[in-house]
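What follows is a set of notes on a single structure, which appears directly below.
The values are calculated or read from the model by the stated rules, or taken from the named source; none is laboratory data. None of the values given here were measured: they were computed from a predicted structure. Here Cβ is always computed from backbone atoms with ideal geometry, including for glycine, and neighbour counts include all displayed protein chains. The area values use the complete protein model at the heavy-atom level, side chains included, leaving out ligands, DNA and RNA. Shrake-Rupley method; radii C 1.70, N 1.55, O 1.52, S 1.80 Å.
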Amino acid sequence: MDGVTSASGCRPADEWGIGTEPKGAAKALRIQDRLFPLQTTLFLETNPSPVKYALARLGLMTEDVRLPLLPVGEETRRAVDASLAHAGLIAA
C-alpha cells in the first residue's frame with residue numbers, strides 16, 4: 001500500500017449500531033471517547049506520517065514515507081501508541 005486516504009464519516013450512524021434512540025446517543029459518546037485521542041494525535045505532525053505510523057503499528061502497512069515527508073518523531077510515536085492503546089487497538 002503506497003498511500004493513505006482519509007474517509008471520515010463515511011459510515012452512517014445506523015451502520016455503527018447507533019441509530020437515533022437515546023441508547024444510541026450513549027453508545028455514540030462511548031465510541032467518541034474511545035477514538036477522540038487517536039483522532040487528535042493523528043494530526044500532531046504533517047499528515048499522513050502519523051496515520052502511516054498508526055497503520056504500521058496495527059500491522060496493516062509500513063510507516064515509510066517519501067520526501068518531502070519525514071517519519072514521525074519519538075514524542076508523536078508515544079502519543080499515537082497511547083491513543084491506539086486507549087482505543088483498544090493495541091496492548092497498553
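Laid out as a table, the results:
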item: Accessible area of residue 46 in the full protein assembly, 1.4 Å probe (Å², nearest 10); result: 90
item: Probe 1.4 Å, all protein chains present, accessible-area order of 43, 36, largest first; result: 43, 36
item: Sequence of 74, 63 when ordered by accessible area, the most exposed leading, probe 1.4 angstrom; result: 74, 63
item: Rg/Rh for the stretch 38-92, where both radii come from Cα atoms and Rh is the Kirkwood radius; result: 0.94
item: Accessible surface of residue 30 - all protein chains present, 1.4 Å probe, nearest 10 Å²; result: 150
item: Solvent exposure of the stretch 22-86 as accessible area per residue, Å², 1.4 Å probe; result: 65
item: The stretch 47-91 - charge dipole about Cα centre, Lys and Arg +1 at Cβ, Asp and Glu -1, debye rounded to 20; result: 80
